[in-house]
Amino acid sequence: MSIDKKRVQFRAPDRLINRTDALATVLGEDRTDILVTALREYLQDAAHDDVLIQEIAAAYYDDEISYNQLKALVGAKEAANFRVLKQQLDEDFIEDIAEE
């Protein structure tokens, strides 16, 4: 199974990179493996943080992120729930405007 990969570049404090390199040495992995694992775990934890989930949902409702981005962050089931709620909110808004 081939996984598409994207090259990213960022700046990080020397101390953080030194710790990453030390852990990579201990585990016999490279820096990229350590960073990818850390990022994956952070995103997984974020998907279970209620406050952050509400911020993600608000970004979706405000069209700051797409449905696919929402699904990648919170999972398919939760994203589907937010999509239904957004549609309901949009329908209510249209009805409110029509009544004015």
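Just checking, how many residues over the stretch 1-54 are loosely packed, with under 11 Cβ neighbours inside 10 Å, in a helix (DSSP H, G or I) and of a type in the set (D, E, K, R)?
6
Among the residues of the stretch 56-79, write down those that are open to solvent by 80 Å² or more (accessible area, probe 1.4 Å) and more than 11 Å from the chain's Cα centre (by Cα).
Just the residues of the stretch 56-79 that are open to solvent by 80 Å² or more (accessible area, probe 1.4 Å), to begin with: 62-64, 68-69, 71-72, 77.
The answer is 62, 63, 64, 77.
In the stretch 35-54, which residues are over 12 Å from the mean Cα position of the chain (by Cα) and in contact (Cβ under 8 Å) with a residue 24 or more places away in the chain?
Across the stretch 35-54, there are no qualifying residues.
Taking the stretch 11-34, which residues are of a type in the set (A, V, I, L, M) and free of Cβ contacts under 8 Å to residues at least 12 places away in the same chain? Break it down stepwise before answering.
Taking the stretch 11-34 first, the residues of a type in the set (A, V, I, L, M) are 12, 16-17, 22-24, 26-27, 34.
Correct list: 12, 16, 22, 23, 24, 26, 27.
The values are calculated or read from the model by the stated rules, or taken from the named source; none is laboratory data. Treat the numbers as computed from the prediction; the structure is a model and nothing was measured. Note: ideal-geometry Cβ built from the backbone for every residue, glycine included; neighbour counts use all protein chains shown. Surface accessibility is based on the protein's heavy atoms, side chains included, excluding ligands, DNA and RNA. Shrake-Rupley method; radii C 1.70, N 1.55, O 1.52, S 1.80 Å.
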